[in-house]
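Working notes for the structure below.
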Amino acid sequence: MIEYVAVILICASSIPAEQCTEDSALDVMSTVVDNELGCASGWQDVIARSPLQKDIGTTAYVRTICKRREIDDKEGASTLSQPHP
């Protein structure tokens, strides 16, 4: 079984988008979404609850990365694959 995780990065406006990673972000959050399309639209509620939400559009911006997580039904374990651009 496969599910998708939207990794939500809040990055400082001074960091170019291609350098906005989980290591360079001001905050990193994630949420499970139903499909890859959910990665593009499933993060608004998460951002609205973030203490950094007031900075979005002024000193920070949001970038999302979609990761595929394969779930082993027998073991209940999961592994994340590489992000989808």
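Things to note:
- Residue match in segment 47-60 (condition: assigned to a strand (DSSP E or B) and more than 25 Å from ASP72 (Cα to Cα)): yes
- Residue that is surrounded by the fewest Cβ atoms within 10 Å (Cβ to Cβ) [pool: residues in segment 1-35 that are more than 30 Å from ASP72 (Cβ to Cβ), in contact (Cβ under 8 Å) with a residue 40 or more places away in the chain and not aliphatic (A, V, I, L, M)]: SER13
A quick yes/no check of all residues on (1) touching a Cys at 6+ places or on another chain (Cβ under 6 Å); (2) hydroxyl-bearing (Ser, Thr, Tyr):
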{"position": "CYS11", "(1), (2)": "yes, no"}
{"position": "GLN19", "(1), (2)": "no, no"}
{"position": "ASP27", "(1), (2)": "no, no"}
{"position": "SER30", "(1), (2)": "no, yes"}
{"position": "ASN35", "(1), (2)": "no, no"}
{"position": "SER41", "(1), (2)": "no, yes"}
{"position": "SER50", "(1), (2)": "no, yes"}
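- The single condition among (1) within 14 Å of ILE65 (Cα to Cα); (2) at pLDDT below 85 that THR21 does not satisfy is (2).
- When GLY38 is tested against the conditions (1) surrounded by fewer than 15 Cβ atoms within 10 Å (Cβ to Cβ); (2) modelled with pLDDT under 90, the lone failure is (1).
- Single residue of segment 41-74 satisfying the filter (modelled with pLDDT under 85 and among the hydrophobic types (A, V, I, L, M, F, W, C)) that is surrounded by the fewest Cβ atoms within 10 Å (Cβ to Cβ): ALA48
The values are calculated or read from the model by the stated rules, or taken from the named source; none is laboratory data. No experiment lies behind these values; they were computed from the predicted model shown. All Cβ positions, glycine included, derive from the backbone under ideal geometry; neighbour counts span all protein chains shown.
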